[in-house]
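**Student:** Please find one structure pasted underneath; my questions will follow.
The values are calculated or read from the model by the stated rules, or taken from the named source; none is laboratory data. This one's a predicted model, so the numbers in the text were calculated from it and none came from an experiment. Cβ atoms come from the backbone with ideal geometry, glycine included; neighbour counts cover every protein chain shown.
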Amino acid sequence: MGTERHESRRIDNQLRGRSGRQGDPGTSLFYLALDDDLMRIFGSERMDSMLAKFGVREDEPIFHPWITKAIANAQQRVEGHNFDIRKRLLEYDDVMNKQREVVYEQRRHVLFSETLRDDFLDTIDDIAAGIVDTFVDEKTFPENWPWAEMIETARTRFGVEPFTYSEEERLHQTRDGLKQDLSKAMRALYEAKETQVSAEIMRDAERFFMLTTIDQHWKDHLLNMDHLRDGIGLRGYAQVNPLLAYKKEAFEMFEEMIDRIREQSLEKVLRFEVKEPTEETFRRRRPARPVRYERKSWTQAQRPEAEPEKPRGVPVRRAAAKVGPNDPCPCGSGKKYKKCCYDKDKAAAGA
């Protein structure tokens, strides 16, 4: 006997199955009220008016196929609503899963590749083209290009002096020429850095900087994606599909993260330095000396009076036989030893 109907028909069928087990016959009976959440939220709106029209009293039980059909329809609506929720959650999770696969594949490439030299050279070409595209418009003339901003950006971010043109040469430059010259300057700086620190150290530095940058930006990206997902549902008030908006903005955020990873990794590789350890460095890293406590020597006058030491290792010999707790007391009282002088002798021995 059930006191209500569940939102899922599968749960109701499981409860009905409890009424008969191992071949024994059984029956099930469910009691419902029109005030239950299932009927109040998802039930038929005409049911109350229909029952009032027929003059059904509140305390009168109702057995009718229409009621059973209305309950089944309400359960179908609830199941469809829950299915849509699960489907939408999977669609949101699918976006993160695809991004996660890309990031993990990139980490595996960094970990197990023999060298990342070609990757950084490609990054140099892409970043050089991006800097020029950011500052130089196709419709402007070379004399109106922001030369100072481009030179300052290349110097402060990557430590390279890209353009050493004269005023006459600047007037005849093109966007493609700027991209090639900036890329050559950054490649030259990259080659000089590799020659300075050796190829082995350069490979280790590339791997280290790439991994740390990926991990840091991926953690920040996960946090930003959580914030985006929490508030994306509000786009529905603007007649915008939240899922489509989430996919679009998540893709843009992911592309920006990839670009930041490549730029910062290259910036760290071009700017790191290897310094030889000095004596001061070893002195700073040397652990502090342990504190030594000096042993104070006492003179005969200053030495405190010590108690006479008891001889150690000498076995104790009893003058008389040991008296047991239940033996007669040696004092002659006729009582057992534990009832007479046991406690007194024990206290005297302890003192």
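**Student:** For region 181-197, which residues satisfy the criterion of being surrounded by 16 or more Cβ atoms within 10 Å (Cβ to Cβ) and either over 15 Å from ILE127 (Cα atoms) or of a type in the set (Phe, Trp, Tyr) (or both)? Break it down stepwise before answering.
**Tutor:** Our first condition is that a residue be surrounded by 16 or more Cβ atoms within 10 Å (Cβ to Cβ); within region 181-197, this holds for 181-183, 185-187, 189-190, 193-194.
Selection gives TYR190, LYS193, GLU194.
**Student:** Residues being touching a Phe, Trp or Tyr at 6+ places or on another chain (Cβ under 9 Å) and not basic (Lys, Arg): count how many of those fall in region 92-112.
**Tutor:** 5
**Student:** Now for a separate question. Condition test on ARG187, is it in contact (Cβ under 8 Å) with a residue 60 or more places away in the chain and more than 23 Å from ILE131 (Cβ to Cβ)? Please lay out each step first, then the result.
**Tutor:** Numbers: in contact (Cβ under 8 Å) with a residue 60 or more places away in the chain: yes; more than 23 Å from ILE131 (Cβ to Cβ): no.
So ARG187 does not fit the description; no.
**Student:** Now, a different point. I'd like the full set of residues that are under 18 Å from LEU243 (Cβ atoms), of a type in the set (Lys, Arg) and touching a residue at least 24 places away in the same chain (Cβ under 8 Å), limited to region 79-134.
**Tutor:** ARG88
**Student:** Output yes when any residue across region 247-254 is loosely packed, with under 15 Cβ neighbours inside 10 Å, touching an Asp or Glu at 6+ places or on another chain (Cβ under 7 Å) and farther than 21 Å from LEU111 by Cα, and no when none is.
**Tutor:** No - not one qualifying residue is present in region 247-254.
**Student:** Do we have any residue at all in region 135-158 that's in contact (Cβ under 8 Å) with a residue 60 or more places away in the chain and closer than 24 Å to PHE272 by Cβ?
**Tutor:** Initially, region 135-158 is screened for residues in contact (Cβ under 8 Å) with a residue 60 or more places away in the chain, giving 157-158.
Now drop any that are not closer than 24 Å to PHE272 by Cβ, which leaves 157-158.
Yes.
**Student:** Moving to a separate point now. Of the residues that make up region 99-109, is at least one among the basic types (Lys, Arg) and closer than 30 Å to ALA199 by Cα?
**Tutor:** Let us first name the residues in region 99-109 that are among the basic types (Lys, Arg), namely 100, 107-108.
Subsequent filtering for residues that are closer than 30 Å to ALA199 by Cα retains 107-108.
Yes, there is a match, as at least one residue in region 99-109 is among the basic types (Lys, Arg) and closer than 30 Å to ALA199 by Cα.
**Student:** Could I ask something else about it? Please tell me if LEU266 is crowded, with 17+ Cβ neighbours inside 10 Å, at pLDDT 90 or above and over 24 Å from ASP94 (Cα atoms).
**Tutor:** Numbers: crowded, with 17+ Cβ neighbours inside 10 Å: yes; at pLDDT 90 or above: yes; over 24 Å from ASP94 (Cα atoms): yes.
Yes; evaluated as a whole, the condition is true for this residue.
**Student:** State all residues of region 186-226 that are farther than 12 Å from VAL274 by Cβ and among the small types (Gly, Ala, Ser); if no residue qualifies, say none.
**Tutor:** Selection gives ALA188, ALA192, ALA199.
**Student:** What is the residue count in region 163-201 for residues that are under 24 Å from LEU116 (Cα atoms) and of a type outside the set (Gly, Ala, Ser)? Quick ask: steps written out before the conclusion?
**Tutor:** Of region 163-201, the ones under 24 Å from LEU116 (Cα atoms) are 179-201.
Now restrict to residues that are of a type outside the set (Gly, Ala, Ser): 179-182, 184, 186-187, 189-191, 193-197, 200-201.
Number of matching residues: 17.
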